[in-house]
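S.K.: What follows is a structure written as structure tokens; I'll ask about it next.
A short reminder: the numbers here are calculations on the coordinates, not readings from a lab. Quantities reported herein were computed from a predicted structural model and do not represent experimental measurements. Don't worry about glycine lacking a Cβ; one is built from the backbone with ideal geometry, like all the others, and counts go over all protein chains shown.
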Amino acid sequence: MNNSFDMDFDYTLKIDYENCHVRDLQYILQVLYSSSTLCRLDIIEMGAETIYRINEIGTDLYGKQYGTFNKFIQSLYCVMDKLNIIEYRDILYEYIPHKTKQLSPKSPESISPPKIMKKAPKKVSEVIPLVKNSQYDAFKKRWYS
């Protein structure tokens, strides 16, 4: 068996995104994101394939049958946001299913009178009277004179 590498052969791994299931794409995305920066182009390719799939699905994208695909779109968007791949990130942002909050009807606002605040009681500071110490004064006179 020959253990030498052929230097003229291209050993580049090419991922066939078109034939990958959404769960496989999710796993591949995790691997590519945790790999070196050379995998950035593969993430861009994955983004292009995802946008192609989004356009193929059309308006049914938000149906229940595409729940895993929608989660994958959100994951891909987050990765592209962290890697600062702006072009595809902005396109994917349009297709992320944004959850809207259900607003409850507001109750009528009642006008309440302003609250009267009580003043905080003043703290009584204790004054320490100065006491002359005759021994200290005598020591001071002897020392400094």
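S.K.: Suppose we keep only residues that are aliphatic (A, V, I, L, M) and touching a Gly at 6+ places or on another chain (Cβ under 8 Å) within segment 45-90. Which one would you say is nearest to Arg23 (Cα to Cα)?
M.R.: Residues of segment 45-90 aliphatic (A, V, I, L, M): 46, 48, 51, 54, 57, 61, 73, 76, 79-80, 83, 85-86.
Among the residues that remain, those that are also touching a Gly at 6+ places or on another chain (Cβ under 8 Å) are: 76, 80, 85.
On the way: Leu76: 12, Met80: 18, Ile85: 22 Å.
Going through the qualifying residues, I end up with Leu76.
S.K.: Listed residues Gln26, Gln74, Gln30; which is touching a helix residue (DSSP H, G or I) at 6+ places or on another chain (Cβ under 6 Å) and of a type in the set (S, T, N, Q)?
M.R.: From the options Gln26, Gln74, Gln30, the qualifying one is Gln26.
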